[in-house]
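Trainee: Take this structure, written in structure tokens, and hold onto it; I'll ask about it next.
The values are calculated or read from the model by the stated rules, or taken from the named source; none is laboratory data. The structure presented is a predicted model; accordingly, all values stated were derived computationally and were not measured. For neighbour counting, all protein chains shown are included, and Cβ atoms are generated from backbone atoms with ideal geometry for every residue, glycine included.
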Amino acid sequence: MAHVLQFRHALALVALAALLIFWTQAGYFGMEILAEIAVFAILAMSLDLAAGYAGLVSLGHAALFGFGAYMFALFTVLWGWPASLAVVLATLATGAIALIVGAVVTRVQGVFFIVITLAIGEMGYEFFFKNRALGGDDGLSGISRLDLSAIGVDLNDPGIFALFLIVVAAITYLLLVRLLASPYGAVLTGLHDNPGRMRALGLPVRTYQTSIFAFSGALAGFAGTLSAQHTQFITPNLLHWTTSGEVLVMVILGGLGTLVGPVIGAVVLTLLRHELSNVTDYWGFWLGFFLILIVLGGKNGIVGWLAAGWNALRGARPDDDQAADEPAEGEEASDAAR
Amino acid sequence: MLADSSFWIVQILNSLQLSMLLFLLSVGLTVIFGLMNFVNLAHGSLYALGALVGFTIARATQSMWAAYLLAPVIVTAIGAVLYMLLIDRLRSAGPMKQVLVTFGLIFVLLDVQKYVWGTDQLGVTSGVPFSGSIEILGQIYPAYRLFIIAVGVAVFALLYLLLEHTRLGAEVRAGVDDPETASCLGVNVERTFFVVFLIGCALAGLAGVVAMPEFSAEAGMGVAILVPTLVVVVVGGLGSLRGALAGSLLIGTTLTFGTVFVPQFAGIIMYALLVAVLLVRPAGLFPARG
Amino acid sequence: MLRADKLCKAFGALQVTRDVSLDIPQGARHAIIGPNGAGKTTLFNLLAGELAPDAGAILIDDRDITHLPPNRRARLGLSRSFQKNNLFPRQSVQDNLLLADIAARGYGYRFWPRLAARKDAYGKAATIAGQIGLIDDMQRGVAELSYGAQRQLEVGLALMAEPKVLLLDEPTSGMSPEETGRMLRLIDDLPRSLTVVMIEHDMDLVFNHADRITVLNYGEVLMEGQPEEVRGSDAVQETYLGGEAE
């Protein structure tokens with residue numbers, strides 16, 4: 001297993017280096033794209049924790065992302081709280097909502113889990129869409145960024161802000177790597193592979209599933225606060241199922257359960273969207289097309305392909321990176337255990 | 001307004017009419033799930049397709065009856081193509097991948113619909129049957145909505161007869177009850193699944209074309225109806241006709257009255273209902289498998 | 001040590017467990033046998049907590065566990081293996097054993113310290129791996145193991161929980177004679193302080209490895225006694241011959 005992790009960390013370093021090189025070259029528009037990539041990388045990593053590691057595939061993850069953004073806007077714009085406090089509280093509030101939602105959705109298993117997350121996400125969207133106090137479908141504007149002038153950092157400069165977000169994403173990656181190396185991280189893969197056996201061995205499965213759903217939700221909410229600061233204007237579209245789908249495609253395209261995969265997926269898909277939006281109005285078509293293609297393709301996304309290529313180069317036998325995801329197995333096991 | 005009996009009559013009829021639409025959509029989904037542990041998230045997109053295709057047919061032929069007949073057939077044909085192209089291929093890959101593929105299909109079908117029909121609301125005004133109003137208990141009510149209710153009731157009756165009194169129905173019931181045993185007993189579960197899938201597509205198309213004259217057709221309508229449909233399936237319990245009907249009535253009524261009394265929170269109330277049902281009966285109200 | 005008191009369970013109209021009582025002392029080697037459909041697996045699932053009984057009680061160490069979920073029972077010292085291999089197929093043997101340790105000792109909530117730093121867990125995994133004969137396969141993936149070795153790991157996971165009572169569900173099912181012999185030796189070598197309850201379909205297998213046998217038929221206890229008594233019983237012979245003839 002050790003060489004698999006080293007390979008992924010090497011990929012993460014390459015990705016970081018690429019983003020930093022791009023940063024030195026980028027103009028205003030490039031900085032905007034970089035900032036967007038960093039936000040989506042954090043969001044995609046948060047989804048990977050739940051979906052790729054713990055096997056809780058959520059189709060409503062963007063609702064938590066948007067919720068965090070709205071809470072940040074509510075606290076700063078409408079209530080006038082300082083941005084630093086608002087980041088913390090919005091993250092915690094999203095975690096609390098995810099805890100409540102998680103306690104309910106983990107009652108249903110397998111396929112119905114993802115169905116219910118889609119339904120609940122859409123209800124969240126509808127709530128903000130219809131809520132006039134929070135701007136309804138017009139959204140909220142006038143959101144300001146964190147004030148780091150005390151340490152001489154001006155986040156209102158697009159370049160500085162993009163760099164700041166890249167650093168935050170890198171720190172998030174490192175913290176999650178540490179988390180995944182802990183007993184808790186091991187439990188996540190156990191829950192993914194065979195929740196029924198984890199229960200038989202003494203683990204309160206639903207408590208753990210709820211906890212990871214809440215943590216993943218809090219991280220998504222944190223990404224939301226960053227997104228709100230980036231665009232400084234938010235609409236209910238942040239919560240929309242199409243955003244959830246986009247994040248899910250990032251995770252699956254990059255490689256479920258690899259952590260670095262979702263980051264790569266965020267880079268590729270964000271660039272692709274900006275390129276394609278110049279050519280076609282039908283981005284959603286291509287997004288769905290990619291999703292179907294990758295799922296039919298069988299291998300575990302870009303990281304799976306790269307690992308296979310790398311192994312072929314070294315002449316080694318293929319390792320478990322390729323078949324790293326087979327959610328169906330865990331599901332059957334959990335059904336059998338019920 | 002609460003003391004006004006006409007208010008209640010109108011809203012109860014509205015509830016029934018929404019419930020019947022939800023029933024047409026959820027019954028196919030729930031039986032497919034019961035048979036194959038598979039959820040077609042693109043089911044709502046087929047509903048939208050039914051409405052849009054129906055609109056085109058009605059405009060071309062100036063006849064809604066032609067649309068009622070042809071739209072479900074065309075939607076079924078498209079469903080059959082999707083099945084053979086995608087879903088069947090993923091049979092061995094497990095339900096999770098199938099669901100992800102149908103999630104991708106929502107995106108694809110939505111943009112295809114936008115490309116072909118644009119994003120405007122499309123409606124027909126001429127050639128619609130039952131376009132007048134009718135007086136019920138002293139209350140004027142659009143006759144077309146009663147027609148929608150009647151279609152739902154008729155489909156329920158037909159499905160009930162089909163399930164209880166035909167060989168296909170027996171196979172479906174056996175398959176939902178216990179797929180392994182059913183296949184041991186010589187039921188071709190694959191074929192049964194395909195037929196049920198097609199019936200589900202036809203009903204989704206029918207629901208779309210029947211709803212179109214009243215609510216107009218637009219590309220985004222598929223996702224809007226998908227969410228309550230999924231809630232109906234979960235609340236009603238998997239794989240059962242009775243559950244689909246009970247869930248539809250419950251959710252249709254909740255949404256209708258919720259929208260009247262607390263428009264902002266209708267969705268939240270539906271969610272609360274879902275939570276309540278899952279807490280008390282995690283398998284739904286009438287699960288086919290006990 | 002483990003007691004069951006008049007357990008009853010019905011699925012619809014079918015009564016699969018009827019007034020089954022067991023009283024198994026510490027250190028016992030207790031086998032539950034019976035023909036197919038006698039309700040062995042249902043009884044096991046009742047004991048392990050996968051199913052809730054309609055009536056009756058289950059006690060471990062005089063503590064009532066009738067209404068506890070499987071994970072709570074496991075933490076109280078009731079550990080089980082499965083008839084069908086129920087492992088973590090993507091992980092190595094060592095990782096499987098470590099997962100069992102985390103779940104059994106309940107330190108899965110620790111999200112900051114590295115798992116690699118838990119020398120005690122690695123030590124215990126090595127001990128158990130030695131016990132089940134997989135010490136040389138620690139780094140191998142479960143999918144690479146032979147079926148027999150997977151069955152051994154299945155028991156190993158249950159042992160990682162440091163149980164007081166070990167429930168083994170047909171530990172030798174599907175094994176070759178050679179693998180069966182290895183598994184039975186493994187069971188014989190378990191520490192005597194451990195209470196072992198095993199389900200077995202093949203009656204001949206258990207005679208030399210159990211000190212007490214309960215025979216189930218149609219969900220009821222047909223008889224309970226020492227191996228010789230059971231072997232000599234006409235009723236048991238009849239049931240088995242009848243059962244085999246089906």
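Trainee: Would you tally the residues in segment A:261-296 being of a type in the set (A, V, I, L, M), more than 24 Å from B:Lys97 (Cα to Cα) and in contact (Cβ under 8 Å) with a residue 12 or more places away in the chain?
Mentor: Within segment A:261-296, the subset of a type in the set (A, V, I, L, M) is A:263-264, A:266-269, A:271-272, A:276, A:279, A:287, A:291-296.
Checking which are more than 24 Å from B:Lys97 (Cα to Cα) leaves us with A:271, A:276, A:279.
The next check asks that each one be in contact (Cβ under 8 Å) with a residue 12 or more places away in the chain; those that pass are A:271.
The total comes to 1.
Trainee: For segment A:127-157, how many residues are in a helix (DSSP H, G or I), surrounded by 13 or more Cβ atoms within 10 Å (Cβ to Cβ) and over 23 Å from the mean Cα position of the chain (by Cα)?
Mentor: Step one: filter segment A:127-157 for residues in a helix (DSSP H, G or I), giving A:127-130, A:132-134, A:136-138, A:149-151.
Narrowing further to those that are surrounded by 13 or more Cβ atoms within 10 Å (Cβ to Cβ): A:127-130, A:134, A:136.
Going one step further and asking which of them are over 23 Å from the mean Cα position of the chain (by Cα), we end up with A:130, A:134, A:136.
Residues flagged as in a helix (DSSP H, G or I), surrounded by 13 or more Cβ atoms within 10 Å (Cβ to Cβ) and over 23 Å from the mean Cα position of the chain (by Cα) within segment A:127-157 amount to 3.
Trainee: Which residues, taken from segment A:182-202, are part of a helix (DSSP H, G or I), free of Cβ contacts under 8 Å to residues at least 60 places away in the same chain and in contact with a helix residue (DSSP H, G or I) (Cβ under 7 Å, 6 or more places away or on another chain)?
Mentor: The first filter runs over segment A:182-202 and keeps only residues part of a helix (DSSP H, G or I), leaving A:183-193, A:195-201.
Still in the running and free of Cβ contacts under 8 Å to residues at least 60 places away in the same chain: A:183-184, A:186-187, A:190, A:198, A:201.
If the condition is that a residue be part of a helix (DSSP H, G or I), free of Cβ contacts under 8 Å to residues at least 60 places away in the same chain and in contact with a helix residue (DSSP H, G or I) (Cβ under 7 Å, 6 or more places away or on another chain), then A:Pro183, A:Ala186, A:Val187, A:Gly190, A:Met198, A:Leu201 are the ones that fit.
Trainee: Just checking, does segment B:20-39 include any residue being farther than 18 Å from B:Val196 by Cβ, touching a helix residue (DSSP H, G or I) at 6+ places or on another chain (Cβ under 9 Å) and within 14 Å of another protein chain (Cβ to nearest Cβ)? Write out each step before concluding.
Mentor: Initially, segment B:20-39 is screened for residues farther than 18 Å from B:Val196 by Cβ, giving B:20-22.
Those left that are additionally touching a helix residue (DSSP H, G or I) at 6+ places or on another chain (Cβ under 9 Å): B:20-22.
Next, only the ones that are within 14 Å of another protein chain (Cβ to nearest Cβ) stay: B:22.
Taking every residue of segment B:20-39 in turn, at least one turns out to be farther than 18 Å from B:Val196 by Cβ, touching a helix residue (DSSP H, G or I) at 6+ places or on another chain (Cβ under 9 Å) and within 14 Å of another protein chain (Cβ to nearest Cβ).
Trainee: Separate question: Looking at (1) crowded, with 17+ Cβ neighbours inside 10 Å; (2) of a type in the set (A, V, I, L, M); (3) modelled with pLDDT of 90 or more, which is the one condition that is false for B:Val73?
Mentor: (1)
Trainee: Spot the failing condition for A:Pro327; the list is (1) within 8 Å of chain B (Cβ to nearest Cβ); (2) at pLDDT 80 or above, and only one is missed.
Mentor: The number of the failed condition is (2).
Trainee: What are the residues in segment C:93-113 that are surrounded by fewer than 23 Cβ atoms within 10 Å (Cβ to Cβ) and either at the interface with chain A (Cβ under 7 Å from one of its Cβ atoms) or among the β-branched types (Val, Ile, Thr) (or both), if any?
Mentor: Quick first cut of segment C:93-113, residues surrounded by fewer than 23 Cβ atoms within 10 Å (Cβ to Cβ) only: C:94-95, C:105-107, C:109-113.
Matches in segment C:93-113: C:Gly106, C:Tyr107, C:Tyr109, C:Arg110, C:Phe111, C:Trp112, C:Pro113.
Trainee: With the structure loaded, tell me whether A:Arg107 is within 14 Å of chain C (Cβ to nearest Cβ) and either buried (at least 24 other Cβ atoms within 10 Å of the Cβ) or assigned to a helix (DSSP H, G or I) (or both) or whether it fails that test. Spell out how you get there, then give the answer.
Mentor: Numbers: within 14 Å of chain C (Cβ to nearest Cβ): yes; either buried (at least 24 other Cβ atoms within 10 Å of the Cβ) or assigned to a helix (DSSP H, G or I) (or both): no.
Against the criterion (within 14 Å of chain C (Cβ to nearest Cβ) and either buried (at least 24 other Cβ atoms within 10 Å of the Cβ) or assigned to a helix (DSSP H, G or I) (or both)), A:Arg107 does not qualify.
Trainee: Let me ask something else. Can you tell which of A:Ala98, A:Ala69, A:Ala44 is within 16 Å of the chain's Cα centre (by Cα) and within 30 Å of B:Thr30 (Cα to Cα)?
Mentor: Working: A:Ala69 fails: within 30 Å of B:Thr30 (Cα to Cα); A:Ala44 fails: within 30 Å of B:Thr30 (Cα to Cα).
Exactly one of A:Ala98, A:Ala69, A:Ala44 is within 16 Å of the chain's Cα centre (by Cα) and within 30 Å of B:Thr30 (Cα to Cα), namely A:Ala98.
Trainee: Residues A:Leu165, A:Leu179: which one is surrounded by fewer than 20 Cβ atoms within 10 Å (Cβ to Cβ) and in a helix (DSSP H, G or I)?
Mentor: Values: A:Leu165 fails: surrounded by fewer than 20 Cβ atoms within 10 Å (Cβ to Cβ).
The match here is A:Leu179.
Trainee: Give me the pairs, please: first residue somewhere in segment B:83-94 and touching a residue at least 24 places away in the same chain (Cβ under 8 Å), second residue anywhere and among the hydrophobic types (A, V, I, L, M, F, W, C), beta-carbon distance under 6 Å, and either six or more positions apart or on two chains.
Mentor: Cβ pairs passing all conditions: B:Tyr83/B:Phe197.
Trainee: Same structure again: Could you please find all residues in segment C:189-209 being among the acidic types (Asp, Glu) and at pLDDT below 90?
Mentor: Residues satisfying the conditions are C:Glu200, C:Asp202, C:Asp204.
The rows are residues; the columns are (1) within 12 Å of chain B (Cβ to nearest Cβ); (2) among the hydroxyl-bearing types (Ser, Thr, Tyr).
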| site | (1), (2) |
| --- | --- |
| A:Leu248 | yes, no |
| A:Val260 | no, no |
| A:Val263 | no, no |
| A:Val267 | no, no |
| A:Glu275 | no, no |
| A:Tyr282 | yes, yes |
| A:Phe285 | yes, no |
| A:Phe289 | yes, no |
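Trainee: Then there is this: Which ones in segment B:249-264 are surrounded by 15 or more Cβ atoms within 10 Å (Cβ to Cβ) and facing another protein chain (nearest Cβ under 8 Å)? Talk me through it step by step, then tell me what you get.
Mentor: Pass one, segment B:249-264, residues surrounded by 15 or more Cβ atoms within 10 Å (Cβ to Cβ): B:249-260, B:264.
Once the filter is applied, which keeps residues that are surrounded by 15 or more Cβ atoms within 10 Å (Cβ to Cβ) and facing another protein chain (nearest Cβ under 8 Å), segment B:249-264 yields only B:Gln264.
Trainee: Right, next: Given the options A:Gly68, A:Gly30, name the one that is in a helix (DSSP H, G or I), buried (at least 21 other Cβ atoms within 10 Å of the Cβ), out of contact with any His (no Cβ under 8 Å at 6 or more places or on another chain) and of a type outside the set (A, V, I, L, M, F, W, C).
Mentor: Values: A:Gly30 fails: buried (at least 21 other Cβ atoms within 10 Å of the Cβ).
After applying the criteria, what remains is A:Gly68.
Trainee: Of the conditions (1) surrounded by fewer than 24 Cβ atoms within 10 Å (Cβ to Cβ); (2) more than 8 Å from every other protein chain (Cβ to nearest Cβ); (3) outside any loop (DSSP other than H, G, I, E, B), C:Gly133 clears all except one; give me its number.
Mentor: (3) is the only condition that C:Gly133 fails.
Trainee: Further question: With (1) touching a residue at least 24 places away in the same chain (Cβ under 8 Å); (2) over 30 Å from A:Leu287 (Cβ atoms) as the list, and B:Leu158 as the residue in question, which single condition is left unmet?
Mentor: Going through (1) touching a residue at least 24 places away in the same chain (Cβ under 8 Å); (2) over 30 Å from A:Leu287 (Cβ atoms) one by one, B:Leu158 breaks only (1).
Trainee: Now, a different point. Of the conditions (1) in contact with a Pro (Cβ under 9 Å, 6 or more places away or on another chain); (2) at pLDDT 90 or above; (3) over 24 Å from B:Gly118 (Cβ atoms), B:Val39 clears all except one; give me its number.
Mentor: So B:Val39 meets the others, but not (2).
Trainee: Please determine, by comparing only the residues of segment B:88-131 that are assigned to a helix (DSSP H, G or I) and of a type in the set (D, E, K, R), which one is nearest to the other protein chains (Cβ to nearest Cβ). Break it down stepwise before answering.
Mentor: Just the residues of segment B:88-131 that are assigned to a helix (DSSP H, G or I), to begin with: B:88-93, B:95-117.
Now narrow it down to the ones that are of a type in the set (D, E, K, R): B:88-89, B:91, B:97, B:111, B:114.
Working: B:Asp88: 12, B:Arg89: 7, B:Arg91: 11, B:Lys97: 5, B:Asp111: 4, B:Lys114: 7 Å.
Looking at residues that are assigned to a helix (DSSP H, G or I) and of a type in the set (D, E, K, R), I get B:Asp111.
Trainee: Can you name the number of the only condition in (1) over 25 Å from B:Val277 (Cβ atoms); (2) more than 15 Å from the chain's Cα centre (by Cα) that B:Val172 fails?
Mentor: (1)
Trainee: Does A:Leu165 qualify as being closer than 23 Å to A:Gly52 by Cβ and more than 14 Å from chain C (Cβ to nearest Cβ)? I'd like the intermediate steps shown before the answer.
Mentor: Details: closer than 23 Å to A:Gly52 by Cβ: yes; more than 14 Å from chain C (Cβ to nearest Cβ): yes.
When the stated conditions are applied, A:Leu165 passes them.
Trainee: Select from segment A:181-213 the residues that are of a type in the set (A, V, I, L, M) and in contact with a Phe, Trp or Tyr (Cβ under 7 Å, 6 or more places away or on another chain) and list them in ascending order.
Mentor: Pass one, segment A:181-213, residues of a type in the set (A, V, I, L, M): A:181, A:186-188, A:191, A:198, A:200-201, A:203, A:205, A:212.
Within segment A:181-213, A:Val187, A:Leu188, A:Leu191 meet the criteria.
Trainee: For segment B:213-290, give me every one of the helices (runs of 4 or more DSSP H) that falls completely inside it and has 2 or more residues that are touching a residue at least 60 places away in the same chain (Cβ under 8 Å).
Mentor: Output list reads B:221-236, B:241-261.
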